[in-house]
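A short write-up of the structure that comes next.
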Ligand code: GLN
């Protein structure tokens, strides 16, 4: 069988599944994964023959795709901010929506901070580590003054984050801590009065209202860890805890960047204001939805 024929067979298998939104792309990504080539190389080899083992493996993976397994889990990676992240079922698959938060945080770090001062950045609920890794990657020239840390309640997630940091920013010093939000996270600047403070805290916490995930996990979240998505009854449980904790742990005029879910903007703004945050700004994602809130202590 030639590669071109294998692609056709995979397309047929995937087309019989539930998610037929990207049949050709999914087939190509599986082929790249099995043949260990990139897309350009793949397209140059369409007439090459594939081995029996490769053929069987491609069809098996196409079958998994047809059953709903996300392509990112099948091929083991996902592009985010132009970087190639390792992912598996221990973490949420990075979403393009989250590029909004990263872009805003990068602008802030590069334009609004004093380059002569050390700067402590913490990513809470880091998951795959895509936020902290992308911040570190795009701020390389400023590494000496930037201190990167991240936390998650899941050790499994921290293992994935560690792998992504090691892979994409191997020379970047960073600290990963297992923690329930910011509790006992003391990896930052210690002030004279014994307080540990950060300059910037960012987070994409689980924020989906429970009823969107019940009963059972909807197909669109196939295999993703519920703990990374479930924000309690109204989706706001983690913000209720995180916002006051972040307020305590930021230095004066320190910045908080939060990813938010649909219809949550106004409620979370109120939580921020009631806690004492000011200068609250909403940023929209590529589809024009409010997706990120920036607030200053
Ligand atoms: N943006 C994700 C989704 O809708 C949810 C991520 C989260 O809960 N932080 O699918």
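The values are calculated or read from the model by the stated rules, or taken from the named source; none is laboratory data. In this text, all values refer to a predicted model and were calculated from it rather than measured experimentally. Cβ atoms come from the backbone with ideal geometry, glycine included; neighbour counts cover every protein chain shown.
Which count do you get for residues in the range 229-247 that are touching a residue at least 60 places away in the same chain (Cβ under 8 Å) and in contact with a strand residue (DSSP E or B) (Cβ under 9 Å, 6 or more places away or on another chain)? If you could, list the steps in order and put the result at the bottom.
As a first pass, look at the range 229-247 and keep what is touching a residue at least 60 places away in the same chain (Cβ under 8 Å): 229, 238, 241-242, 245-246.
With in contact with a strand residue (DSSP E or B) (Cβ under 9 Å, 6 or more places away or on another chain) added as a condition, the list becomes 229, 238, 242, 245-246.
Adding up the residues that qualify gives 5.
Of all residues being in contact (Cβ under 8 Å) with a residue 24 or more places away in the chain and out of contact with any helix residue (DSSP H, G or I) (no Cβ under 8 Å at 6 or more places or on another chain) in the range 265-286, which is farthest from residue 213 (Cα to Cα)? Just the residue, please. Outline the logic, then answer.
The initial filter retains those residues of the range 265-286 that are in contact (Cβ under 8 Å) with a residue 24 or more places away in the chain, namely 265, 267-269, 271-272, 275-277, 283-286.
Next, from what is left, pick out any that are out of contact with any helix residue (DSSP H, G or I) (no Cβ under 8 Å at 6 or more places or on another chain): 265, 267, 269.
Details: 265: 20, 267: 21, 269: 24 Å.
Residue satisfying both the conditions and the ranking: 269.
Of the numbered conditions (1) within 20 Å of residue 121 (Cβ to Cβ); (2) within 15 Å of the ligand (Cβ to nearest atom); (3) more than 19 Å from the chain's Cα centre (by Cα), residue 257 satisfies every one except a single condition; which is it?
Condition not satisfied by residue 257: (3).
Could you pull out the residue among 237, 230, 241 that is modelled with pLDDT of 95 or more and surrounded by fewer than 16 Cβ atoms within 10 Å (Cβ to Cβ)? Walk me through it before giving the result.
Values: 237 fails: surrounded by fewer than 16 Cβ atoms within 10 Å (Cβ to Cβ); 230 fails: surrounded by fewer than 16 Cβ atoms within 10 Å (Cβ to Cβ).
Going through 237, 230, 241 in turn, just one is modelled with pLDDT of 95 or more and surrounded by fewer than 16 Cβ atoms within 10 Å (Cβ to Cβ): 241.
Restricting to the range 210-223, name every residue that is in contact (Cβ under 8 Å) with a residue 40 or more places away in the chain and assigned to a loop (DSSP other than H, G, I, E, B). Before you say what the answer is, go through the steps one by one.
The initial filter retains those residues of the range 210-223 that are in contact (Cβ under 8 Å) with a residue 40 or more places away in the chain, namely 219, 222-223.
Scanning the range 210-223 gives 222, 223.
Restricting to the range 201-212, and then to whatever is touching a helix residue (DSSP H, G or I) at 6+ places or on another chain (Cβ under 7 Å) and more than 8 Å from the ligand (Cβ to nearest atom), can you tell me which residue is farthest from residue 120 (Cα to Cα)?
203
Among (1) within 20 Å of residue 73 (Cα to Cα); (2) within 10 Å of the ligand (Cβ to nearest atom), where does residue 231 come up short?
With (1) within 20 Å of residue 73 (Cα to Cα); (2) within 10 Å of the ligand (Cβ to nearest atom) applied to residue 231, the lone miss is (1).
Yes/no per residue for (1) over 20 Å from residue 189 (Cα atoms); (2) touching a helix residue (DSSP H, G or I) at 6+ places or on another chain (Cβ under 7 Å); (3) surrounded by fewer than 20 Cβ atoms within 10 Å (Cβ to Cβ):
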residue	(1), (2), (3)
114	no, no, yes
120	no, no, no
124	no, yes, no
131	yes, yes, no
134	yes, yes, no
138	yes, yes, yes
142	no, no, yes
146	no, no, no
152	no, yes, no
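Given the options 61, 83, name the one that is surrounded by 13 or more Cβ atoms within 10 Å (Cβ to Cβ) and under 23 Å from the mean Cα position of the chain (by Cα).
Numbers: 61 fails: under 23 Å from the mean Cα position of the chain (by Cα).
None of the other options fit; the residue is 83.
Does the range 68-76 contain any residue that is without any contact (Cβ under 8 Å) to a residue 40 or more places away in the chain and over 25 Å from residue 169 (Cβ atoms)? Give the derivation first.
The first filter runs over the range 68-76 and keeps only residues without any contact (Cβ under 8 Å) to a residue 40 or more places away in the chain, leaving 72.
Still in the running and over 25 Å from residue 169 (Cβ atoms): none.
There is no residue in the range 68-76 that is without any contact (Cβ under 8 Å) to a residue 40 or more places away in the chain and over 25 Å from residue 169 (Cβ atoms).
Of the numbered conditions (1) surrounded by fewer than 22 Cβ atoms within 10 Å (Cβ to Cβ); (2) touching a residue at least 12 places away in the same chain (Cβ under 8 Å); (3) within 19 Å of the chain's Cα centre (by Cα), residue 189 satisfies every one except a single condition; which is it?
Going through (1) surrounded by fewer than 22 Cβ atoms within 10 Å (Cβ to Cβ); (2) touching a residue at least 12 places away in the same chain (Cβ under 8 Å); (3) within 19 Å of the chain's Cα centre (by Cα) one by one, residue 189 breaks only (3).
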